[in-house]
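The values are calculated or read from the model by the stated rules, or taken from the named source; none is laboratory data. This is a predicted model, so every value here is computed, not measured. Virtual Cβ from ideal backbone geometry, glycine too; neighbours counted across all protein chains shown.
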Amino acid sequence: MSANADTADVIVIGAGIVGAACAEHFAELGLRVRVLDDGRGGATGAGMGHLVVMDDNPAELALSRYSLALWRKLREHMPSACGYGQCGTLWLAANAEEMDVARSKQAALALQEVPSELIGPAPLAAIEPLLRPGLLGALKVPGDGILYAPAVAQWLLQRQPLIQRCRARVTAVAAQRVELADGRVLTAPYVVVANGLAAQQLLPELPLRAKKGHLLITDRYPGQVHHQLVELGYGASAHSNAGTSVAFNVQPRPTGQLLIGSSRQFDSLDPAVQPALLARMLQRAVEYLPRLADLNGIRAWTGFRAASPDGLPLLGEHPRQRGLWLALGHEGLGVTTATGSARVLAAQMLGEPASIDVQPYSPARFAVPLQVCP
Ligand SMILES: Cc1cc2nc3c(=O)[nH]c(=O)nc-3n(C[C@H](O)[C@H](O)[C@H](O)COP(=O)(O)OP(=O)(O)OC[C@H]3O[C@@H](n4cnc5c(N)ncnc54)[C@H](O)[C@@H]3O)c2cc1C
């Protein structure tokens with residue numbers, strides 16, 4: 001059975017990785033899903049596709065760990081175009097303080113039964129010989145991976161016959177109701193807003209902020225780098241709430257290309273590549289991988305992460321509008337956490353138990369109390 005024009009149980013706004021993962025899971029549960037996307041694109045097409053367990057707080061760890069386990073199951077069915085690879089992450093320690101951070105990280109991951117391994121300078125140089133000498137070691141997280149998110153989003157949407165995709169621009173949303181740019185009004189028992197940063201225009205009351213990021217991809221140089229390489233200072237960059245920061249983050253693509261990040265910048269909505277910031281990011285990368293200076297970069301671009309004030313996504317019912325559901329604010333981790341987000345949301349919509357505690361992601365945490373008139 002496919003969802004026909006009048007009988008969707010769920011309308012999902014946005015066909016990025018989060019909307020696609022939600023649609024796929026709802027359809028798996030037997031719901032008829034209509035996905036609306038106007039084709040403008042968003043963070044899914046601009047991001048890095050690193051599937052990474054992050055542990056800056058227990059809720060982030062719970063959602064990323066849960067989601068990674070789901071991705072590892074899904075990957076068995078993925079076509080090669082999805083670019084899935086389980087290369088693992090090497091969190092690099094440049095000094096004794098960062099080695100302490102690596103040990104704490106290992107302890108936090110071990111508590112949640114996420115396998116990881118501390119490795120010293122010699123084994124690190126053996127597995128990644130192009131890293132600069134002098135690093136003190138790394139934490140290796142072998143269960144982390146990579147994928148090509150735009151292809152995965154397409155694949156997820158094609159997997160289920162109960163999903164109907166429509167090219168349409170949504171101009172307004174309300175509980176169980178969606179207005180389109182062509183004047184049509186669609187209704188469904190559940191409306192899910194999953195259109196990333198663009199949700200600011202539909203629901204300006206939500207506390208979403210843009211965090212601009214730059215990436216650069218090189219020509220093909222197969223076999224140079226084998227793991228996703230990230231400096232341990234990345235966490236501080238990723239979670240700062242102001243200013244501009246860069247951190248070393250390099251991914252070996254299945255094509256042999258190297259994807260180089262990352263930068264984070266608040267309060268800019270200008271998509272232009274900023275040469276000075278790109279240069280700063282690349283300088284940081286060359287400090288860790290000196291050989292990068294000899295490689296050809298073939299394209300640089302930018303994208304916008306949708307950040308919430310506490311860095312966690314908003315997954316649940318709109319605090320003021322029953323029947324309007326949110327899957328937003330995934331910041332720099334939305335590819336990783338799309339699968340878990342879909343299940344956390346579906347459990348709440350259907351009133352069923354979830355596999356992890358859903359409270360930390362509740363949009364109600366940002367609800368401003370209503371003023372009582374005297
Ligand atoms: C530089 C950068 C690097 C990143 N690296 C990683 C990483 O390594 N790992 C990771 O896990 N995450 C990473 N992320 C974050 C990740 O890319 C995002 O969290 C994720 O893609 C968000 O997906 P989404 O589906 O919520 O939104 P989006 O991908 O923004 O999709 C929104 C969709 O909604 C549609 N849309 C918008 N408005 C409307 C409208 N009014 N009507 C109809 N359709 C509409 C758009 O066309 C788009 O398809 C990175 C992000 C950036 C910018």
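I'd like the full set of residues that are outside the structural domain of GLY120 (by TED's automatic domain parsing), without any contact (Cβ under 8 Å) to a residue 24 or more places away in the chain and among the charged types (D, E, K, R), limited to segment 53-108.
LYS73, GLU76
Consider only pairs whose beta carbons are under 7 Å apart and that are at least six residues apart or on different chains; among these, list those whose first residue lies in segment 11-29 and is more than 10 Å from ALA342 (Cβ to Cβ) and assigned by TED's automatic domain parsing to the domain that holds GLU179 and whose second residue is of a type in the set (S, T, N, Q) and away from the ligand (no atom under 12 Å from the Cβ).
ALA27/GLN160
Just give me the residues in segment 123-156 being over 26 Å from LEU61 (Cα atoms) and not assigned by TED's automatic domain parsing to the domain that holds ASN95, in sequence order.
GLN154, TRP155
Taking only segment 191-217 into account, find how many residues are among the β-branched types (Val, Ile, Thr) and near the ligand (Cβ under 7 Å from one of its atoms).
0
So which of ALA188, ALA168, ALA175, ALA149 ends up being out of contact with any Ser or Thr (no Cβ under 7 Å at 6 or more places or on another chain) and within 10 Å of the ligand (Cβ to nearest atom)?
So the residue among ALA188, ALA168, ALA175, ALA149 that is out of contact with any Ser or Thr (no Cβ under 7 Å at 6 or more places or on another chain) and within 10 Å of the ligand (Cβ to nearest atom) is ALA168.
Would you kindly identify the strands (runs of 3 or more DSSP E) lying entirely within segment 284-374 that contain at least 3 residues that are of a type in the set (A, V, I, L, M, F, W, C)?
Here the list reads 297-307, 324-328.
Spot the failing condition for GLY311; the list is (1) touching a strand residue (DSSP E or B) at 6+ places or on another chain (Cβ under 9 Å); (2) at positive phi, and only one is missed.
Among (1) touching a strand residue (DSSP E or B) at 6+ places or on another chain (Cβ under 9 Å); (2) at positive phi, the lone unmet condition for GLY311 is (1).
I'd like the full set of residues that are farther than 17 Å from ALA62 by Cβ and at pLDDT 95 or above, limited to segment 322-334.
Across segment 322-334, the qualifying residues are LEU324, TRP325, LEU326, LEU328, GLY332.
Given the criteria away from the ligand (no atom under 15 Å from the Cβ) and either buried (at least 18 other Cβ atoms within 10 Å of the Cβ) or not in a helix (DSSP H, G or I) (or both), does PRO271 qualify?
Working: away from the ligand (no atom under 15 Å from the Cβ): no; either buried (at least 18 other Cβ atoms within 10 Å of the Cβ) or not in a helix (DSSP H, G or I) (or both): yes.
The answer is no for PRO271.
For segment 87-198, list the helices (runs of 4 or more DSSP H) that sit wholly inside it and hold at least 1 residues that are closer than 28 Å to VAL225 by Cβ and of a type in the set (Ser, Thr, Tyr); which are they?
96-111
Going through segment 18-54 one residue at a time, which ones are more than 14 Å from the ligand (Cβ to nearest atom) and part of a loop (DSSP other than H, G, I, E, B)?
LEU29, GLY30, LEU31, ARG32
Here are ALA62, ALA15: which of them is at pLDDT 95 or above and not in a helix (DSSP H, G or I)? Walk me through how you get there before you give the answer.
On the way: ALA62 fails: not in a helix (DSSP H, G or I).
None of the other options fit; the residue is ALA15.
Could you list all residues from segment 55-74 that are away from the ligand (no atom under 14 Å from the Cβ) and among the basic types (Lys, Arg)?
Scanning segment 55-74 gives ARG72, LYS73.
For segment 282-303, does any single residue satisfy the condition of being within 17 Å of the chain's Cα centre (by Cα), crowded, with 24+ Cβ neighbours inside 10 Å and of a type outside the set (Phe, Trp, Tyr)?
No.
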